[in-house]
Each structure stands twice: as C-alpha cells, then as structure tokens.
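Worksheet for the structure shown next.
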Amino acid sequence: MSEPVLTVDVVLDDVIEVNGSSGKAAMILFHGECSCSNFKGRILPGGVDTQKEATGEKRFLSARYVLEGTDLAGEKCRIFIENNGVIDAPDAQIRTVPVIYTDSSALKWLETADLYGTVDGKSGGVLISIFRD
C-alpha cells in the first residue's frame, strides 16, 4: 500500500443513536487533526458521521467535515471531505470513497483524483487514511 495523501486523526465526541423497528441510525460527532506531508490542520466544529442500517442489511456511513490549516506550499486553506462507505462486518476493514473540495491551489488535484479511504479504530476514535488509487 502506498503512503496516504491525507491522514486524519479523529477523536469521538458524542454518539446519538435511534433504534427503530425497521432499522437503526447513529450520528457520531467528532473533532481531530491532520498532520501529514500534504496538509497540517484541524477539523472545524460540525464534523459528523451519519450511519444507518436497515434491519438485516449492511451498515452505511457518510462522514462530512472541513479541515482548516496549511497545505504543503505553506498556504492557508480549507478541505471539505465527504467519506462514504459500507461496514460489512464489525471487525472488517472499512473501505470508503471520499469526495474532496478544497480552496488550495497545491491540493486541487484531490478534487479529481481517484481516491479511496480506510478507517482504523483506535482508543477514543479512528484514524482515517485517504489514498490515491
């Protein structure tokens, strides 16, 4: 596996769950930071991972958040990330498909690159790694 283009260290703040008769959903609020060769900064307030699972089906996730910091050229910028995926089994590797928008000239290639992500659990949160396919 190649080196990630972005690595985001996520700290979970709160989990809001609803267990219905035909499925369940959760909204996971979080904060965190990114410190890698392409970008250094933090997640702005409002980061949320929305997960839903119809009874007897796979769990779908969609995390959305904005990073604010500096790009590899030292310029201040923001990066919007929408990370969508499916959780096949509780202990399985989660693979995601990220959508990225940024006002960074140096990182604008992220908007059109073929990207995929992984989500790995850690104490109190997750580590999100985004790779170029």
Most to least packed among 42-53, 113-124 [average Cβ atoms within 10 Å]
42-53, 113-124
What is the Cα radius of gyration of the chain over 2.2 N^0.38 Å, N being its residue count?
1.07
For Ile16 and Leu127 in one chain, what is 0.36 nm times their gap in residues minus the Cα-Cα distance, to one decimal in nm?
37.9 nm
Within the stretch 6-132, how many lysine pairs that are 8 or more places apart, or on different chains, have C-alpha atoms less than 26 Å apart?
9
With an 8 Å cut-off on Cα pairs and a minimum separation of 6 or more residues, tell me the relative contact order of the chain in percent.
22 percent
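Where a number appears in this text, it was derived from the coordinates with a stated rule and is not lab data. Keep in mind the model is a prediction, meaning the values are calculated, not measured. Here the Cβ is made from the backbone with ideal geometry for all residues, glycine too, and neighbour counts use every protein chain on show.
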